[in-house]
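Only one structure is covered here, and it is reproduced in the block below.
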Amino acid sequence: MENCEERTPEDVRKVIKTAKLHESELTEITQILRFPDASQRNNNLRLMLLDNNILKDIEEGNPIVFKGDPDENVVLCTDDKTYDVKEAETSNSFLLVPNLLFAASTGLDETIANNSMEDSDSSFERSNTSLNKSNDSDDKPPRKIVNKDIVNTFFTYYELKPCKPRLSKLSKILESTAFQGLELEYKIDKSKLLDYNAILDKVQSSRIELSEELTNIQAIEVDGHYRLLEFDYEFRVLSYMLDLIEENSWPLDRVSKEVTLESLKDLAPMCVLEAMFGFYTLESAEEMGVQYYKYKEDKVCRFLARVLLRSAGRFNLFEFMQAWSDSVPEGMTTNESLLSGIALVDKNVTPQVVWGFSENELPEDINERFRILFHTKPKWTVDEISPYIQSYATEKLNVNALLTKHARASTQDGVRVFSAKHMN
């Protein structure tokens, strides 16, 4: 510790007297705080402000993990939430002192504590009396000196704010090992295959949020590793499944899971069939103990629209809508509104056209995303642009707030539209 003279009880009494305190109202223990020298400071310690949820997790022994690569801003993840971590300055310095004694630990008598609450006039009189007493009085209470070492002094702390999990990396780390069928597994670099724990280590997300996103992007567990389905392969398997509707003359709400899996078990791995069936169907009815299913009509129609839109260039809107309608199972209905987020329609030209424009192919950086959006289409309505920026919205910053910040509003033919804030 830094060189300093040892304090004596007499030194302490002088301080008490100068401060106009009454030694009889103080406990007999005096704690002396000592600063460490530079070689003994513990610079690995940090202060962090916790909310009640994180505090409860720590008290219950639940895992709390900091995540982030060198090029990423760090986050803190609990089992079900993700927090942004920022360093903030304190208005005063904080001293960390292990085993510091508080009133209850120093023998503070409750009666003495109550006496300290007397009115200020009485206290002032006793202070003057105390100042006039001789330092050599024999009735001094005993005074015990306890030295306490300061481990470190803090001028900053970590502030935690709930945030959305940062999941953009997830699809990227799974793309290179997309499943294309057993016959093409020889092309896959096995060293890049990832199980759940490996993904959890890499992605800035809590466990529950990651599990939800793996379902959202339709990642499938194949032999213990999570894999995306390559687009053409997913189309092939879905086509097999939809063809069974006509082959078995099933009503759209009487699809048999058992027959579907049994019929296709030689065409695709069972884990793929079961996952695909879960992605694209819902329970519909139960008859005589048999559970029947129906396909998610909007989901099927949107996927088949993406299949048609994959061809480069723009399509005649009328011809596209006809081809799209012909591609879906009989009884399912296509609708232009289902193209939201996967295609753009231009009705200001003749003939009207449509072309593929997928949200998940746009840049992650929101400024770059807005630049491309307005370069592609100078003016957007809220409904048109929402699918492309919704993922950036938060509880405090909705889509309209995002547009106010990044775009310029105007009115066109009585409709509110948004354009680039700064024209190039």
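Table for the structure above
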| quantity | calculated |
| --- | --- |
| Estimated translational D of the range 361-421 in µm²/s (Stokes, Kirkwood radius over Cα pairs; 25 °C; 0.890 mPa s) | 210 |
| Contour excess over end-to-end distance, with Cα ends at K296 and K377 and 0.36 nm allotted per residue | 26.1 nm |
| Proximal lysines to K347, defined as alpha-carbon separation beneath 27 angstrom and excluding residues fewer than eight positions away on the same chain | K299, K377, K379, K421 |
| Carbon/sulfur fraction of accessible area - the chain, other protein chains in place, 1.4 Å, % | 48 |
| Dmax and Rg, reported as Rg then Dmax, of the range 206-258 (C-alpha, Å) | 14.8, 45 |
| Given charges at beta-carbon only (K, R positive; D, E negative), |dipole| of the chain in Debye | 1560 |
| Sequence of V259, V203, V146 when ordered by accessible area, the most exposed leading, probe 1.4 angstrom | V259, V146, V203 |
| Computed label-point distance, nm, for sites Q412 and N53 using a 7 Å Cα→Cβ extension | 4.0 |
| Kirkwood-based shape ratio for the chain, expressed as Rg/Rh from alpha carbons | 1.21 |
| Excluding exposed DSSP-loop GluC sites (Glu not before Pro) (at most 13 other C-beta within 10 Å), longest clean stretch of the chain | 119-329 |
| Degrees separating the helix 317-327 axis from the principal Cα axis of the chain, which is the longest one | 90 |
| Translational D in µm²/s for the range 265-326 (Stokes-Einstein at 25 °C, 0.890 mPa s, Kirkwood Rh from C-alpha pairs) | 172 |
| Reference-scaled alpha-carbon Rg (2.2 N^0.38 Å with N residues) for the range 173-221 | 1.22 |
| Cα coordinate range in the range 282-363, projected on the principal axes (Å, largest first) | 55, 31, 19 |
| For the chain, with +1 on Lys and Arg beta carbons and -1 on Asp and Glu, the positive-most of L193, F320, S419 along the dipole | S419 |
| Computed FRET value (nearest 0.05) for S191 with E368, which takes r as the C-beta separation and R₀ as 30 Å | 0.40 |
| Helix 207-216 axis, angle to the chain major axis (alpha carbon atoms, nearest 10°) | 10 |
| Computed helical MRE - 222 nm, the chain, DSSP H runs ≥ 4 contributing -39500 (n - 2.57), nearest 500 | -10500 deg cm²/dmol |
| Per residue value of the accessible surface for the chain (all protein chains in place, 1.4 Å probe), Å² | 62 |
| For q = 0.09, 0.15 Å⁻¹, Debye-computed log10 I/I(0) when each Cα of the range 132-262 counts as one equal scatterer | -0.51, -0.92 |
| C-alpha center-to-center spacing [the range 174-215, the range 381-424] in angstrom | 34 |
| Helix 366-376 axis, angle to the chain major axis (alpha carbon atoms, nearest 10°) | 30 |
| The chain - percent relative contact order, Cα under 8 Å, separation 6 or more | 12 |
| Pairs from K265/K296; K81/K164; K172/K294 whose Cα-Cα separation, in the structure shown, is over 20 Å | K265/K296; K172/K294 |
| Extent along principal axes [Cα atoms of the range 8-84; Å; largest to smallest] | 56, 32, 20 |
| Volume per residue of the C-alpha convex hull in the range 265-424, rounded to whole Å³ | 195 |
| Overall dimensions of the range 227-285 as given by Cα atoms, namely Rg and Dmax in Å | 11.1, 33 |
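The values are calculated or read from the model by the stated rules, or taken from the named source; none is laboratory data. Since this is a predicted model, take the numbers as computed values, not measurements. Glycine gets a Cβ as well: all are built from the backbone with ideal geometry, and neighbour counts include every protein chain shown. Ligands, DNA and RNA are excluded from the accessible area calculation, which covers all protein heavy atoms including side chains. Shrake-Rupley method; radii C 1.70, N 1.55, O 1.52, S 1.80 Å.
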